[in-house]
Amino acid sequence: MVSELVSNASMHANTMMTLQIGLRSGHLRIAVFDGSAAHAVARQAGSDGVGGRGLLPVDAVSAAEGSTALDTGKVVWSALGRSGSS
């Protein structure tokens with residue numbers, strides 16, 4: 001999850017980024033802040049197999065995920081459910 005979010009920011013935002021990981025009562029939140037205003041979009045990976053799988057696996061395993069616009073760019077985040085949490 002972390003590598004997909006960081007790779008996505010590196011390839012598409014091409015700005016400085018900040019990784020934030022936080023443990024909350026019901027989930028683990030992973031967020032990557034970057035300086036690009038372009039909204040993150042899930043796309044199918046090319047058939048050549050080069051590069052990551054993009055945001056599709058993030059969406060597939062996340063309890064929730066999204067891209068939120070900020071004054072300084074955006075944050076792309078994922079919330080992973082914690083085992084044993086309700």
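Name the single residue, out of those in the range 61-76 being of a type in the set (A, V, I, L, M, F, W, C) and in contact with a Phe, Trp or Tyr (Cβ under 9 Å, 6 or more places away or on another chain), that is farthest from H12 (Cα to Cα).
The qualifying residue farthest from H12 (Cα to Cα) is A64.
Select from the range 10-27 the residues that are on the phi > 0 side of the Ramachandran plot and touching an Asp or Glu at 6+ places or on another chain (Cβ under 8 Å) and list them in ascending order.
none
Could you please find all residues in the range 16-42 being open to solvent by less than 50 Å² (accessible area, probe 1.4 Å), within 15 Å of K74 (Cβ to Cβ) and out of contact with any Phe, Trp or Tyr (no Cβ under 9 Å at 6 or more places or on another chain)?
Selection gives D34, G35, S36, A40.
The values are calculated or read from the model by the stated rules, or taken from the named source; none is laboratory data. All values derive from a computational prediction rather than experimental measurement. FYI the Cβ positions are ideal-geometry reconstructions off the backbone, even for glycines, and counts take in every protein chain you see. Heavy atoms of the whole protein, side chains included, go into the accessibility calculation; ligands, DNA and RNA do not. Shrake-Rupley method; radii C 1.70, N 1.55, O 1.52, S 1.80 Å.
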